[in-house]
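Worksheet: the structure to be examined is printed underneath.
Rule-based calculations on the coordinates, nothing more; no lab input. The shown structure was predicted, so the numbers you read here are calculated from the model rather than taken from an experiment. Because the Cβ atoms are built from the backbone with ideal geometry, glycine has one as well, and the counts that use them run over all protein chains shown.
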Amino acid sequence: MAAEAVAAVEIRGALARLRRTTGLPVAFGGVVDSGRPQIRISELSGTTTAALRSLAVTSGNGLGGKAVALARPYAVTEYSSSRQITHEYDVPVAAEGIRSVLAVPVVVRRRVRGVLYGALRSPQPLGDRTLGAAVAAARDVEQALVVRDEARGLLAAARPEPAGGRQDPGAAREQVREAHAALRALAPRIADPGLRAELLAACGLLTAARPAGGTRLAPRELDVLSWVAAGATNAAVAERLGLGPETVKGYLRSAMRKLGAHTRGEAVTAARRAGLLP
């Protein structure tokens with residue numbers, strides 16, 4: 001799925017959550033057009049007309065354009081008469097009956113990827129609670145996009161070079177193992193169950209075989225063993241996974257016991273034979 005399409009899907013979900021948490025009657029948003037300094041409104045929730053659909057908002061213009069240009073949230077109480085913004089988009093905004101509006105940019109690695117809007121059809125101030133909920137929704141989108149970007153990069157790094165390339169087979173295997181461990185480390189950071197399952201499924205693509213039915217490791221046991229397989233010390237594993245050193249040792253001991261291993265190396269070998277690790 002293209003990056004813009006992925007961002008649009010995440011924005012769509014965030015708009016639905018924003019309306020649920022705030023009671024706002026209208027929410028809409030879109031992604032930054034590739035290669036252009038503008039956002040295109042593609043996601044509508046609670047609208048009664050098509051006036052805003054596919055609207056191209058140029059950076060710096062209107063409320064959303066200002067949020068894009070300055071990479072900061074903004075809100076106005078009476079859109080049509082506000083002196084804080086320019087008014088290129090008054091006609092479609094008025095057609096939808098919108099009066100009070102907020103706009104929050106989605107910023108990933110210092111680049112604005114999209115904007116979330118929330119709106120009322122009455123000129124009432126949008127309080128700190130509502131603005132805070134909109135910012136939180138935008139942060140959720142940002143986190144999801146960061147994780148997807150990292151996962152895409154890790155999977156790309158794990159792919160072997162085409163035939164005729166110079167990459168050493170041993171080095172390629174190590175890349176796969178490091179990517180597998182890094183992907184598993186990302187998974188607990190994801191609040192969305194669907195996205196987390198998708199990432200763990202991508203981890204499964206890097207293993208050599210389907211896991212054997214006889215041996216099962218808990219997710220954290222497998223996380224720890226993945227980093228051990230990549231050559232990390234217990235201290236490094238603890239730092240990577242945000243765990244205490246003793247906790248890492250406990251997970252490792254448990255994994256070794258389940259695998260019938262007496263050393264770290266034996267545990268890694270047994271896990272690979274079982275199809276649990278690449």
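Annotations
- For region 24-130, the dipole from Cβ point charges (+1 on Lys and Arg, -1 on Asp and Glu) about the Cα centre works out to 420 debye, to the nearest 20.
- Cα-Cα P(r), region 29-134, percent of pairs per 10 Å interval: 16, 53, 29, 2
- Contact order normalised by residue count of region 3-139, Cα under 8 Å, 6+ apart, percent: 25
- Per the Debye formula on identical point scatterers at the alpha carbon atoms of region 13-66, with no solvent, log10 I(q)/I(0) at q = 0.15, 0.20, 0.29 Å⁻¹ is -0.44, -0.74, -1.11.
- Less than 5 angstrom separates the built amide H of residue 60 from those of 65, 66, 68, 69, all sequence-distant by 5 or more or on a different chain.
- Label-point separation in nm, residue 196 to residue 94, each point 7 Å along Cα→Cβ: 4.9
- Between residue 53 and residue 273, the contour length at 0.36 nm per residue exceeds the alpha carbon distance by 73.9 nm.
- Span from the region 220-246 Cα centroid across to the region 46-118 one, whole angstrom: 45
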